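Contents: one structure, followed by commentary.
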Amino acid sequence: MILIGNLSHSQSLPENNTLISKELDLKNLSYFIAPTFGLTNLDGSSASIFQVRGGVGSRALSFGGYFQTNINEVIPQSETEPNIYLEYWSAGGFIEYTLFSDKVFHMTFPLYIGYGEVDMDNEAGNINLGEANFFQVEPSALLEVNLTDFARLNIGGGYRFVGNMSYRNFNQSDISGLTGYVGLKVGLFR
């Protein structure tokens, strides 16, 4: 009898207030894929960056994964070997906060956290100069325009912070820097 009384008493307690509701409501879940083109500087040379990211979330907060790589031949200023180009890539996760996503023009703030790598190669592929790996964080700010219910255009920039890294004649300060972005975000936004 005491056990039954305790069980009924514990059921009458008020529920805790939480940030995330106990029931997962998939009707309000947003998801997207966002191919993006960027321009930046790597070791004193201009680099074109292709990035793709995908995520899930709500109107205000989303998270997911990303991958980015240079798509042009980057000739590093610090390199002493002739006919060498730099390759860069990074992959990881992101969290993104969006203000007023239901407005035609609004701001969104992705924060990328990931792992990256640089290496150098030549056209013939017969020189192996090793590689360097690093931790990377990139806070960004993008102006976003709702084109349709399923597509958003964005433009903005970010700053790439590269962790301690040394490779041949350059270090993290030579690949840390500003990146300008323009992209398209396609998905279901609820």
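The values are calculated or read from the model by the stated rules, or taken from the named source; none is laboratory data. Computed from a predicted model, the values in this text were never measured in an experiment. Please note: Cβ atoms are built from the backbone with ideal geometry, for glycine as well, and neighbour counts cover all protein chains shown.
Points worth noting:
- Residues that are within 22 Å of residue 29 (Cβ to Cβ), out of contact with any Ser or Thr (no Cβ under 7 Å at 6 or more places or on another chain) and of a type in the set (A, V, I, L, M, F, W, C), drawn from segment 139-190: 147, 150, 151, 184, 186
- Filtered residues of segment 117-142 (kept if over 30 Å from residue 189 (Cα atoms) and in a strand (DSSP E or B)): 117, 118, 119, 120, 121, 122, 131, 132, 133, 134, 135
- In this entry, residue 128 passes the filter for residues that are free of Cβ contacts under 8 Å to residues at least 12 places away in the same chain and either touching a His at 6+ places or on another chain (Cβ under 6 Å) or on the phi < 0 side of the Ramachandran plot (or both).
- Test: residue in segment 80-95 that is over 21 Å from residue 186 (Cβ atoms), of a type in the set (A, V, I, L, M), in contact with an Asp or Glu (Cβ under 8 Å, 6 or more places away or on another chain) and not in a loop (DSSP other than H, G, I, E, B): yes
- Filtering 103, 185 for residues that are in a strand (DSSP E or B) and among the basic types (Lys, Arg) leaves a single hit, 185.
- Within segment 68-115, the residues that satisfy the criterion of being within 30 Å of residue 30 (Cβ to Cβ) and among the charged types (D, E, K, R) are 96, 102, 103.
- Scanning segment 154-177 for residues that are touching a Lys or Arg at 6+ places or on another chain (Cβ under 8 Å) and aliphatic (A, V, I, L, M) gives a single hit, 175.
- Filter result for residue 133 (more than 20 Å from residue 104 (Cα to Cα) and not acidic (Asp, Glu)): yes
- Selection of segment 57-80 for residues being under 23 Å from residue 153 (Cα atoms), loosely packed, with under 14 Cβ neighbours inside 10 Å and either at pLDDT 95 or above or polar (S, T, N, Q) (or both) yields 63, 71.
- Within segment 81-108, considering residues that are over 10 Å from the mean Cα position of the chain (by Cα) and without any contact (Cβ under 8 Å) to a residue 40 or more places away in the chain, the one farthest from residue 167 (Cα to Cα): 100
- Residue 54 fulfils the conditions (1) in contact with an Asp or Glu (Cβ under 6 Å, 6 or more places away or on another chain); (2) at pLDDT 95 or above; (3) not hydrophobic (A, V, I, L, M, F, W, C) except for a single criterion, (1).
- Residue in segment 173-181 that is touching a Leu at 6+ places or on another chain (Cβ under 7 Å) and on the phi > 0 side of the Ramachandran plot present: no
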